[in-house]
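Read the structure below first, then the notes.
Nothing in this text is a laboratory measurement; each read-out follows from the coordinates by a stated rule. Here the structure is a predicted model, which means the values were calculated and not measured. All Cβ positions, glycine included, derive from the backbone under ideal geometry; neighbour counts span all protein chains shown.
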Amino acid sequence: MPRPFALPDLGEGLTEAEIVKVLVGEGDVVAEDAPLLEVETDKATVEIPSPFGGRVATIHVQPGQTVKVGQVLVTFDDTGAPAPGGTSRSRFAATGAPARRAPSTASTPAAAPAGTSAGPVPATPATRRLARELGVDLRGVRATGPAGRVTDEDVRAAAGPAAPPSPASAAGAGPERVAAAQRLAAERPRAARPLAPIGVEPPPLPRFEQWGPVERQPLSHLRRTIAERMALSATLIPHVTHFDRADITELDAIVRRSVEPARQRGLVLTLTSFLLKAAALALREHPQFNASLDGAAGELILKRYYHLGVAVATERGLIVPVIRDVDTKPLVELQRELATLAQRVRAGKATLDDLRGGTFTITNIGALGGTGAIPIINYPEAAILGVARAREEPVVREGRIEARTLLPISLTFDHRVADGADGARFAAAIVRRLERPEQLLLDW
């Protein structure tokens, strides 16, 4: 019997995704949770696993195509489906940590296990990936999400406190099939789509061809998303930017002295980890910058957690992974998490959980040069910190000219939630901590 599989709800209000790779072919027999497609959403590249085992009868999508949530991706039939509970001999069988049934406890609230109903277990791709990493069988997990969906919290609860996470291991298609899919995606022209309207009707562009040759390049899914988000933020939020400079002469010396000790711990210590810590501690003193404005309710939402995003440049565009609980973590842990996240982002392996939940963003363009920049706020956050290249400059101190290392910073914030004086005080709180690095090193 034909069984259609549609693009599932990926969470975070995402309504569409772009097909990056098709990892199976028509006629292939796949096992449940084997990877079917790779899609790019507004936030990350996500692997879509098969919700059940069976033979791929029809593939309805192709690389470069944008699909909506609920649109059919693949149609299966039952021919060659792996027997329930049996071992699949499919070429596209899922791999990873051995699955185990979730332990039952008497104190668990009454909720039906996710797999008691017919059909696939309702869960987002990110939740399925987490289940594979923790070795949890989704069919035995008690679902607490809406409409019987298994959530990340359900999977972690099923894994138990003693369950050690194993490295993610998702089986892909054969290299020749993946290579063929990549060639197909490169050869097929991308369909151009207009940006989402923002309430302002732009005037028509002139016909540039009348002055010379032009080339039209359709925007990638990520670039289109960035364009829409930047236009949304710049339109909805009245931006104001405060500039300051931090004397990081002592901090720079500490970083240089710590290169070898950090290397022995497997780290490359950078200024960004100090910026993260200084900003998080300053946010605790100035909570209006760790907030979001709910205009419809007329309320300022003050967040009592400090999850900071760091802008990472990739070949596809700018992506902002999030480091959680920055205010409570030591510098060594922050640097390790930052390096791991940046590597995952640049490899295109970041998950949706890596990219959501941020409360404040830092963008450091110091490695690229320049004397400063005015960044656009990462909506719906209330502020963003821009950092430029530190330079050695002559400074008058106590009547004497000294060479000091100065770091330019630019704080852009939502003028609806804070006044200029508030921004100056918040920036000064960051500068003060950067200029007294011994306070940041207490947990070193």
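The protection proxy used here, the mean number of other Cβ atoms lying within 10 Å of each residue, ranks peptides 130-138, 55-63, 397-405 as follows, highest first: 130-138, 55-63, 397-405. Amide H contacts for residue 219 (H built 1.01 Å from N in the peptide plane; partners 5 or more residues away or on another chain; cut-off under 5 Å): 193. Stretching the chain fully between residue 403 and residue 58 yields a gain of 117.3 nm (0.36 nm per residue, less the alpha carbon separation).
Whole number please: convex hull volume per residue, Cα atoms of region 210-312, in Å³. Walk me through the numbers on the way to the answer.
Working: hull volume 27.2 nm³, N = 103.
Output value, Cα hull per residue: 264 Å³.
Is region 224-440 rounded, prolate or oblate when judged by the Cα gyration tensor, a ≥ b ≥ c being the square roots of its eigenvalues, rounded requiring a/c under 1.5 and prolate requiring a/b larger than b/c? Oblate, because a/c is 1.5 or more while a/b does not exceed b/c.
Can you put 208, 426 in order of Cβ neighbours within 10 angstrom, beginning with the fewest?
Values: 208 10, 426 25.
If I rank by nearby Cβ atoms, fewest first, I get 208, 426.
Take the cross-link list 68/303; 329/349; 303/329; 21/303 and give me the ones stretching past 29 Å between alpha-carbons. Walk me through the numbers before you get to the answer.
Values: 68/303 32 Å; 329/349 24 Å; 303/329 18 Å; 21/303 38 Å.
Where the Cα-Cα span goes over 29 Å, the pairs concerned are 68/303; 21/303.
Extending 7 Å from Cα along the Cβ direction at residue 284 and again at residue 302 yields two label points whose distance is 1.5 nm.
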